[in-house]
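Accompanying notes for the structure given below.
The values are calculated or read from the model by the stated rules, or taken from the named source; none is laboratory data. The model shown is predicted, which means the values in this text are computed figures rather than measured ones. All Cβ positions, even for glycine, are placed from backbone atoms using ideal geometry, and neighbour counts span all protein chains on display.
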Ligand SMILES: NC(=O)c1ccc[n+]([C@@H]2O[C@H](COP(=O)([O-])OP(=O)(O)OC[C@H]3O[C@@H](n4cnc5c(N)ncnc54)[C@H](OP(=O)(O)O)[C@@H]3O)[C@@H](O)[C@H]2O)c1
């Protein structure tokens, strides 16, 4: 994608991993970026901001705290973004079945991966420019149609829930919003682990290109970092 010096992205959950990689990929393309972290501790995003020439600003939000999301909206009042992307997500133990998981753990994964991203989007949607893109980080594991192997049951369900909520959001918007659910591939991060085949930079660069391709195209898509459609 060509450099877009007038463009701006808001990335929610950018302290490390794919969110940090997305911030870096947008900066490399000349965008301005607002990235969010939780709490006051310095993160790798702070290191990136220090070398960004003032194009990366850091905000703070814990997405599971509605008051913090509302406060972020106040602080961003008057701002306009070409991309709002909710990257933040968590998983439970990979081999933990739905029969084993505690209610608290189920709630933690479901709320963080499905309810809270939607709250962020519902709260911040007015910061997205007309023709802009609202995206959220899904997963190939969120595909109901492709779930032949099972595994990671609770995480899968949380991303499938996110996909369904985003489709409902797009439908409610009456075809006026470009809404993108992204499958980043299996990526070497704290969540993805060392055995994953993809680097953060490879996946993030692809995601930035894919989101650019969604601009001005209303409706919901489920698409991977290479631009291939994923079955719902
Ligand atoms: N890695 C993969 O292979 C893979 C594959 C498919 C989908 N994904 C999805 O991609 C996204 C990023 O994954 P990752 O691999 O980069 O994971 P990661 O390295 O574990 O990073 C997770 C990010 O989400 C933030 N976060 C988590 N809970 C949050 C909350 N309640 N409020 C605000 N921020 C929160 C974390 O912030 P802190 O630093 O404060 O914890 C961190 O920035 C997730 O949605 C994940 O499900 C990853």
* What are the residues in region 23-40 that are in a helix (DSSP H, G or I), within 16 Å of the ligand (Cβ to nearest atom) and more than 13 Å from the chain's Cα centre (by Cα), if any? -> 24, 25, 26
* Looking only at region 192-220, which residues are in contact (Cβ under 8 Å) with a residue 60 or more places away in the chain and in contact with a strand residue (DSSP E or B) (Cβ under 7 Å, 6 or more places away or on another chain)? -> 200, 203, 207, 211, 214, 215, 216
* Structure fact -> If you go through 43, 91, 103, the only one that is within 14 Å of the ligand (Cβ to nearest atom) and more than 21 Å from residue 135 (Cβ to Cβ) is 43
* To do: Taking residue 64 as the residue in question, decide whether it is in a loop (DSSP other than H, G, I, E, B) and within 15 Å of the ligand (Cβ to nearest atom).
  => yes
* Would you check if residue 111 is within 9 Å of the ligand (Cβ to nearest atom) and buried (at least 20 other Cβ atoms within 10 Å of the Cβ)? => no
* Structure fact -> Note on residue 20: of the conditions (1) surrounded by 15 or more Cβ atoms within 10 Å (Cβ to Cβ); (2) assigned to a loop (DSSP other than H, G, I, E, B); (3) near the ligand (Cβ under 8 Å from one of its atoms), unmet is (2)
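Every residue, every condition in (1) over 17 Å from the mean Cα position of the chain (by Cα); (2) within 11 Å of the ligand (Cβ to nearest atom); (3) over 14 Å from residue 83 (Cβ atoms); (4) at pLDDT below 95, yes or no:
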position: 166; (1), (2), (3), (4): no, no, yes, no
position: 187; (1), (2), (3), (4): no, yes, yes, no
position: 201; (1), (2), (3), (4): no, no, yes, no
position: 204; (1), (2), (3), (4): no, yes, no, no
position: 226; (1), (2), (3), (4): no, no, yes, no
* To do: Quickly run through region 119-130 and pick out the residues that are over 14 Å from residue 165 (Cα atoms) and modelled with pLDDT of 95 or more.
  => 123, 124, 125, 126, 127, 128, 129
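Per-residue answers, yes or no, for (1) more than 23 Å from residue 179 (Cα to Cα); (2) in a loop (DSSP other than H, G, I, E, B):
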| site | (1), (2) |
| --- | --- |
| 52 | yes, yes |
| 57 | yes, no |
| 68 | yes, no |
| 71 | yes, no |
| 79 | no, yes |
| 83 | no, no |
| 92 | yes, yes |
| 96 | yes, yes |
| 109 | no, no |
* **Hits in region 43-69 - residues which are over 17 Å from residue 8 (Cα atoms) and surrounded by 13 or more Cβ atoms within 10 Å (Cβ to Cβ)** => 43, 44, 46, 60, 61, 62, 63, 64, 65, 66, 68, 69
* Tell me which of these residue 205 doesn't satisfy, since it passes every other one: (1) in contact with a helix residue (DSSP H, G or I) (Cβ under 7 Å, 6 or more places away or on another chain); (2) surrounded by fewer than 16 Cβ atoms within 10 Å (Cβ to Cβ). => (2)
* Asked: For region 208-221, which residues satisfy the criterion of being within 16 Å of the ligand (Cβ to nearest atom) and in contact with a helix residue (DSSP H, G or I) (Cβ under 6 Å, 6 or more places away or on another chain)?
  -> 208
